[in-house]
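*Asks:* Pasting a structure below so you can have a look.
The values are calculated or read from the model by the stated rules, or taken from the named source; none is laboratory data. Quick caveat: nothing in here was measured; it's all calculated off a predicted structure. Here Cβ is always computed from backbone atoms with ideal geometry, including for glycine, and neighbour counts include all displayed protein chains. Side chains are part of the model used for accessible areas, which takes the heavy atoms of the whole protein and leaves out ligands, DNA and RNA. Shrake-Rupley method; radii C 1.70, N 1.55, O 1.52, S 1.80 Å.
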Amino acid sequence: MNFLKLDVKILRFFNQPFSPALNLIVSVIIFSIYGYILALVYYFYRKGRKRRILHLIASLLIGLAFVNFLKILVNRERPYAMYEDIKHVLTKADPSFPSAHSFTALLCFYFLPKDFPRWLKLLLTIYLVFLIPIGSMYIGIHFPSDVLVGGALGFLFPKVVSESFSVKIFKKIFRLERF
């Protein structure tokens with residue numbers, strides 16, 4: 001079995017069964033990542049971790065620019081556009097590979113505060129590492145390889161774009177003095 005066939009087989013596994021109530025729940029879970037980012041920024045602000053905020057924002061912006069560049073370069077169609085049996089909730093105009101939502105989710109996982117209670121870290125890990133990527137396959141907008149590569153990039157990008165580099169960028173752009 002070649003890679004594309006395996007990719008589609010895994011996608012079909014997660015894309016079934018398909019119910020309207022679950023579609024709505026999964027869609028809310030996927031798009032709630034943006035609210036989580038705002039909550040994370042607020043949390044870091046309240047804790048006085050302004051450098052952490054700059055690192056999160058710089059990693060996110062630079063990373064999403066890179067992900068969108070890859071989307072244009074690879075130009076892979078969405079699964080529902082390639083296979084008639086793939087059910088989908090959303091119709092998206094941009095290419096599929098890599099998944100920007102998985103990128104964002106795993107990037108946020110990297111920034112998961114260490115001082116959160118254990119139970120909250122567990123819930124957020126399930127949400128960020130499993131529910132968002134699998135949800136993208138469930139609603140038919142991404143192949144497994146899209147979410148794997150997007151997630152890997154999301155986890156690696158904050159390491160590539162270091163905190164000190166992020167602070168330097170913001171200091172130059174916004175002429176910030178304190179950080």
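*Asks:* Return the only residue of PHE109, PHE97, PHE130, PHE116 being within 20 Å of TYR36 (Cα to Cα), part of a loop (DSSP other than H, G, I, E, B) and open to solvent by 20 Å² or more (accessible area, probe 1.4 Å).
*Replies:* From the options PHE109, PHE97, PHE130, PHE116, the qualifying one is PHE116.
*Asks:* So, GLY63, is that one assigned to a loop (DSSP other than H, G, I, E, B) and open to solvent by less than 70 Å² (accessible area, probe 1.4 Å) or not?
*Replies:* So GLY63 fails the test.
*Asks:* Give region 133-162 a look and list any residue that's hydrophobic (A, V, I, L, M, F, W, C), assigned to a helix (DSSP H, G or I) and in contact with a Pro (Cβ under 7 Å, 6 or more places away or on another chain), or say none.
*Replies:* MET137, VAL147, VAL149, LEU153
*Asks:* Applying the selection to region 71-88, what residues are among the charged types (D, E, K, R) and surrounded by fewer than 22 Cβ atoms within 10 Å (Cβ to Cβ)?
*Replies:* Correct list: LYS71, ARG76, GLU77, GLU84, ASP85, LYS87.
*Asks:* Determine whether region 24-34 contains at least one residue that is surrounded by 11 or more Cβ atoms within 10 Å (Cβ to Cβ), within 25 Å of PRO117 (Cβ to Cβ) and touching a Phe, Trp or Tyr at 6+ places or on another chain (Cβ under 8 Å).
*Replies:* Scanning region 24-34 turns up at least one residue that is surrounded by 11 or more Cβ atoms within 10 Å (Cβ to Cβ), within 25 Å of PRO117 (Cβ to Cβ) and touching a Phe, Trp or Tyr at 6+ places or on another chain (Cβ under 8 Å).
*Asks:* Can you tell me which residue among ASN15, ASN2, ASN68 is without any contact (Cβ under 8 Å) to a residue 12 or more places away in the chain, open to solvent by less than 90 Å² (accessible area, probe 1.4 Å) and out of contact with any Leu (no Cβ under 6 Å at 6 or more places or on another chain)?
*Replies:* Residue meeting the stated conditions: ASN2.
*Asks:* Sticking with this one: If GLY63 satisfies all but one of (1) touching a residue at least 40 places away in the same chain (Cβ under 8 Å); (2) out of contact with any Leu (no Cβ under 7 Å at 6 or more places or on another chain), what's the number of the condition it fails?
*Replies:* (2)
*Asks:* Taking THR91 as meeting all but one of (1) over 19 Å from VAL28 (Cβ atoms); (2) surrounded by fewer than 18 Cβ atoms within 10 Å (Cβ to Cβ); (3) polar (S, T, N, Q), write down the number of the exception.
*Replies:* Looking at each condition in turn, THR91 falls short on (1).
*Asks:* Considering each residue of region 141-173, count those that are among the small types (Gly, Ala, Ser), modelled with pLDDT under 90 and either open to solvent by 10 Å² or more (accessible area, probe 1.4 Å) or touching a Ser or Thr at 6+ places or on another chain (Cβ under 6 Å) (or both), and give that number.
*Replies:* 2
Yes or no, residue by residue, for (1) touching a helix residue (DSSP H, G or I) at 6+ places or on another chain (Cβ under 6 Å); (2) of a type in the set (Asp, Glu); (3) modelled with pLDDT of 95 or more:
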{"site": "PHE13", "(1), (2), (3)": "no, no, no"}
{"site": "TYR42", "(1), (2), (3)": "no, no, yes"}
{"site": "ARG49", "(1), (2), (3)": "no, no, no"}
{"site": "ARG52", "(1), (2), (3)": "yes, no, no"}
{"site": "LEU61", "(1), (2), (3)": "no, no, no"}
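*Asks:* Same structure again: Condition (residue is of a type in the set (Lys, Arg), within 19 Å of ILE141 (Cβ to Cβ) and either touching a Phe, Trp or Tyr at 6+ places or on another chain (Cβ under 9 Å) or open to solvent by 20 Å² or more (accessible area, probe 1.4 Å) (or both)) applied to region 38-59: is it met by at least one residue?
*Replies:* no
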